[in-house]
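**Q** Right, I'll just put the structure down here and ask away after.
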Amino acid sequence: MKTFASDNNAPVHPLIMKALSDVNLGDTISYGDDVYTERSVKKFKEILGENINVFFVYNGTAANVLSMSSFLNSFNAIICSDVSHINNDECGAPEKLTGCKLISIPSENGKISIDSMKKYLHSFGFEHHSQPKIVSITQSTEFGTVYQPSEIKDIADFCHKNNMLLHVDGARIANAVVTLNCDIKDITTNAGVDILSFGGTKNGMMFGEAVVFFNKDFGANFKYIRKQGMQLASKMRYISAQFEALLTDNLWLKNAEISNDMAIYLANRLKEFPSIKITKPIEANAVFAIVPGNIIPKIQEKYFFYEWDEEISEVRFMTSFCTTKTEVDEFVKVVKDLAF
Ligand SMILES: Cc1ncc(COP(=O)(O)O)c(C=O)c1O
């Protein structure tokens, strides 16, 4: 079955497959003490600067939860958006593994603002309340929107002024960089981000995400936290080689560019139908739309995608690095034949 459900449904990019195959030769030291890991960490330093600490884990939930847990006591709280992945889609792993309260606050198109955070910051030092320690934002957001560099800098400044840290869930950070046409440093290193979960899986890798700490003093304990968190890959070379390939010749940006372009193309094609309403700005690789409720199951017989909000018949379509125009056109034809 074809899908427009998620970039998680996409296959592995051929160059990543090649990288996996290329490193599949002979013995190599395990647990990350290998030349491939060294080389891919170097690649991360090339794009994010020298003053970082990088660790690889298997998946995005682990990247989020374990990276934040390095800074948290169970009496702390994490401020995040009400629609964030850490709040809705990690089965309570952040709460279970950090012991912390998640304070989910109202968002607009997936983004949170300083104003909406302020009212949760009245209880510093008050022993009856959880103590906010981390603000977590998602870039690009769960609704396919992006934070501008200045918005991230403002949030980071606000965090630091209040003795908090800024975590960015960058499962789709490549899509944001492409949309903003910026240097990734503009929305991370130079914007004051403290912790980043850098996505690989949604952007062409088979598995693997990177945890990046933007301060050499951060992350000193992370190797223990990762091991306790059961995310230390013994055959680390197979994550590292994928990242090395992804960060070579800008493959990470090229993949995200295709993905973003296809989302815009899909949205524009859907705009041809007066009864379909695009509901969120298209700034990354997701298209949210209200579609007549009676045709959703019929389209789903041919294409898998998620109904996001059943009450208003809002669905999410998502594109990936290997979505093609032809595939979009075929999909739109199915929609047209069913509905009109
Ligand atoms: C915004 C966001 N963060 C993190 C993740 C990571 O999830 P996983 O643990 O499934 O790799 C996802 C996966 O869909 C996501 O959409």
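**Q** Amide H to amide H under 5 Å from residue 103: which residues, 5+ apart in sequence or cross-chain, H placed 1.01 Å off N in plane?
**A** Under 5 Å from the amide H of residue 103 lie the amide H atoms of 78, 79, 80, each far enough along the sequence or on another chain.
**Q** Now a separate question. Take the residue pairs 2/325; 280/333; 2/333 and return only those whose Cα atoms are more than 19 Å apart.
**A** Check vs 19 Å cut-off fails for 280/333.
**Q** Residue by residue through the stretch 83-89, which ³J(HN,Hα) values in whole Hz follow from phi under the Karplus form 6.51 cos²θ - 1.76 cosθ + 1.60 (θ = phi - 60°), with glycine and proline marked x?
**A** 9, 6, 4, 5, 7, 10, 10
**Q** Could you name the lysines whose alpha carbon sits less than 19 Å from that of residue 119, not counting residues in the same chain fewer than 8 places away?
**A** 101, 111, 133, 161
**Q** Sort the following peptides by mean Cβ neighbour count (other Cβ atoms within 10 Å, averaged over residues), highest first: 58-71, 32-45, 232-245, 324-337.
**A** Result, highest mean Cβ count within 10 Å first: 58-71, 232-245, 32-45, 324-337.
**Q** Using Cα positions and a limit of under 26 Å, work out the lysines in reach of residue 45, with same-chain residues fewer than 8 apart set aside.
**A** 18, 153, 185, 202, 216, 223, 227, 235, 254
**Q** Is the chain best put as rounded, prolate or oblate by its Cα gyration tensor, with a ≥ b ≥ c the root eigenvalues, rounded for a/c under 1.5, and otherwise prolate when a/b is larger than b/c, oblate when not?
**A** oblate
**Q** Aspartates and glutamates within cross-link reach of residue 298: Cα-Cα under 20 Å, excluding same-chain residues under 8 positions apart?
**A** Correct list for residue 298: 272, 307, 309, 310, 311, 314, 327, 329, 330, 337.
**Q** Convert each backbone phi in the stretch 19-28 into a coupling constant with the Karplus relation 6.51 cos²θ - 1.76 cosθ + 1.60 (shift: θ = phi - 60°), then list the ³J(HN,Hα) values in order as whole Hz, x for Gly and Pro.
**A** Using θ = phi - 60°, the values come out as 4, 4, 5, 4, 8, 7, 9, x, 7, 9 Hz.
**Q** Please arrange 13, 128, 167 by counting, for each residue, the other beta carbons lying within 10 Å of its beta carbon, fewest first.
**A** Values: 13 23, 128 5, 167 26.
Ordered from fewest to most neighbouring Cβ atoms within 10 Å, 13, 128, 167 come out as 128, 13, 167.
**Q** Quote the FRET efficiency, to the nearest 0.05, computed for residue 249 versus residue 338 with a Förster distance R0 of 41 Å and r equal to the Cβ-Cβ distance.
**A** With a Förster radius of 41 Å, E is 0.50.
**Q** Moving on to the next point. Can you bin the stretch 91-171 into rounded, prolate or oblate? Criterion: square roots of the alpha carbon gyration tensor eigenvalues sorted a ≥ b ≥ c, rounded for a/c under 1.5, prolate for a/b above b/c, oblate for the rest.
**A** It is oblate, given that a/c is not under 1.5 and a/b is not larger than b/c.
**Q** Based only on other Cβ atoms within 10 Å, what is the fewest-to-most ordering of 253, 338, 247? Provide the component values of the computation, followed by the final result.
**A** On the way: 253 18, 338 15, 247 21.
Lowest count first: 338, 253, 247.
**Q** Is the stretch 233-340 rounded, prolate or oblate when judged by the Cα gyration tensor, a ≥ b ≥ c being the square roots of its eigenvalues, rounded requiring a/c under 1.5 and prolate requiring a/b larger than b/c?
**A** Note, shape of the stretch 233-340 comes out prolate.
**Q** Output ³J(HN,Hα) for the stretch 52-65: one whole-Hz value per residue in order, computed from phi by the Karplus curve 6.51 cos²θ - 1.76 cosθ + 1.60 with θ = phi - 60°, and x for Gly and Pro.
**A** Once θ is set to phi - 60°, the couplings for the stretch 52-65 become 10, 10, 10, 9, 9, 9, 6, 9, x, 4, 5, 4, 5, 5 Hz.
**Q** Which FRET efficiency value, to the nearest 0.05, do you get for residue 30 and residue 221 by plugging their Cβ-Cβ distance into 1/(1 + (r/R0)^6) with R0 = 35 Å? It would help to have the intermediate numbers written out before the result.
**A** Details: r = 21 Å, r/R0 = 0.60.
After rounding to 0.05, the efficiency reads 0.95.
**Q** I would also like to ask the following. Given contacts defined as C-alpha pairs under 8 Å and at least six residues apart, what's the relative contact order of the chain, whole-number percent? List each step's numbers first, then the result.
**A** Numbers: 654 pairs, mean separation 83.0, N = 340.
The value is 24 percent.
**Q** Which order results if 57, 12 are arranged by neighbouring Cβ count within 10 Å, fewest first?
**A** With the fewest neighbours first, 57, 12 line up as 12, 57.
Here, each number is a calculation from the coordinates, and none is a lab measurement. Small disclaimer: the values here were computed from a predicted structure and weren't measured. Cβ sites come from the backbone with ideal geometry, for glycine too, and all protein chains shown count toward neighbours.
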